Amino acid sequence: MGHKVHPYGFRLGVSRTWTAKWYADKKEYTASLQEDIKIRALIDKRLANASVSGVEIERGINHVTVTIHTAKPGIVIGKGGANVEILRQQIGAMTTRKVKLEIKEIRQPELDAYLVAMNIAGQLSRRIAFKKAMKQAIQRSMKAGAKGVKIAVAGRLGGSEMGRREWDKEGRIPLGTLRADISYGQVHAHTTYGRIGVKVWIYRGDIAPERAARDAGVPTQIGTGV
């Protein structure tokens, strides 16, 4: 049997950090966790068409900072910042703390696995052939500078009676290498004949973890001088 590990959980504390940064004792932990889940659900619902890849939540003593990573910041902000103000008020109604909202633009959506998976899922819902959708997505990502891409789809592909799993790959995907910067996304495509799962792995190169660089005596920031 395969022992599959989530690419993000495997790299926590080495080349990746947590998407929720806060500490709470026993009494407050449950309430804070439920608050986080509600905030993420609200953002998913309100910004379904804004290509949101991830949400980071950071808590202080009396404030909550919500960072939204999106490929379409214009839709999130809205005309004159109207949409972002409404969203801030709705999040504020869920918590007693002061809410700070930050929008970060994803400049290369082709290198974000979740956005690539969303794009493929959208195509499958529109009845586009899965092989064509996979091939085009891989070509776009490789052209954008990815070192390796792997895409897997599973379900009643093409409306067939029996569900199956198909995958395509280009380049290398070193999932066992901790310093490898792997972007991973998993999305469900809702079609008339059932649900199809889409998984995407994108290898974007290596990150030198600070601890490893420090142990080796390599400076983490390289200056222009020789």
Checking Asn62 against (1) modelled with pLDDT of 90 or more; (2) touching a strand residue (DSSP E or B) at 6+ places or on another chain (Cβ under 7 Å), which single condition isn't satisfied? (1)
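On the basis of being among the polar types (S, T, N, Q), closer than 30 Å to Ile196 by Cα and in contact with a strand residue (DSSP E or B) (Cβ under 8 Å, 6 or more places away or on another chain), does Ser53 make the cut? Can you show your working first?
Details: among the polar types (S, T, N, Q): yes; closer than 30 Å to Ile196 by Cα: yes; in contact with a strand residue (DSSP E or B) (Cβ under 8 Å, 6 or more places away or on another chain): yes.
The answer is yes for Ser53.
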Being more than 17 Å from Ile43 (Cα to Cα), at pLDDT below 95 and not assigned by TED's automatic domain parsing to the domain that holds Lys150 is the requirement here; does Gly81 meet it? no
Among the residues of the stretch 1-23, write down those that are out of contact with any Pro (no Cβ under 6 Å at 6 or more places or on another chain), surrounded by 10 or more Cβ atoms within 10 Å (Cβ to Cβ) and in a loop (DSSP other than H, G, I, E, B). Val5, His6, Gly13, Thr17, Trp18, Thr19, Trp22
Just to verify a result, which residue in the stretch 153-189, among those that are of a type in the set (Gly, Ala, Ser) and within 29 Å of Asp206 (Cβ to Cβ), is surrounded by the fewest Cβ atoms within 10 Å (Cβ to Cβ)? Gly176
Criterion first (part of a strand (DSSP E or B) and among the small types (Gly, Ala, Ser)) does Ser32 satisfy it? no
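Only one of these is exposed (fewer than 12 other Cβ atoms within 10 Å of the Cβ), under 20 Å from the mean Cα position of the chain (by Cα) and either outside the structural domain of Gly92 (by TED's automatic domain parsing) or part of a helix (DSSP H, G or I) (or both): Lys45, Lys38. Name it.
Details: Lys38 fails: exposed (fewer than 12 other Cβ atoms within 10 Å of the Cβ).
Checking each option against the conditions leaves just Lys45.
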Among the residues of the stretch 134-152, how many are surrounded by 22 or more Cβ atoms within 10 Å (Cβ to Cβ) and of a type in the set (Gly, Ala, Ser)? 3
Residue count for the stretch 81-122, restricted to those that are free of Cβ contacts under 8 Å to residues at least 40 places away in the same chain and either closer than 30 Å to Trp201 by Cα or in a helix (DSSP H, G or I) (or both): 18
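Here is a check on your reading of the model: is Glu105 touching a Ser or Thr at 6+ places or on another chain (Cβ under 6 Å) and surrounded by fewer than 17 Cβ atoms within 10 Å (Cβ to Cβ)? Before you say what the answer is, go through the steps one by one.
Working: touching a Ser or Thr at 6+ places or on another chain (Cβ under 6 Å): no; surrounded by fewer than 17 Cβ atoms within 10 Å (Cβ to Cβ): yes.
Here the answer is no, as Glu105 does not meet what is asked.
The values are calculated or read from the model by the stated rules, or taken from the named source; none is laboratory data. For clarity, every value in this text was computed on a predicted model and none was experimentally measured. No Cβ is skipped: glycine too gets one built from the backbone with ideal geometry, and neighbour counts run over all protein chains shown.
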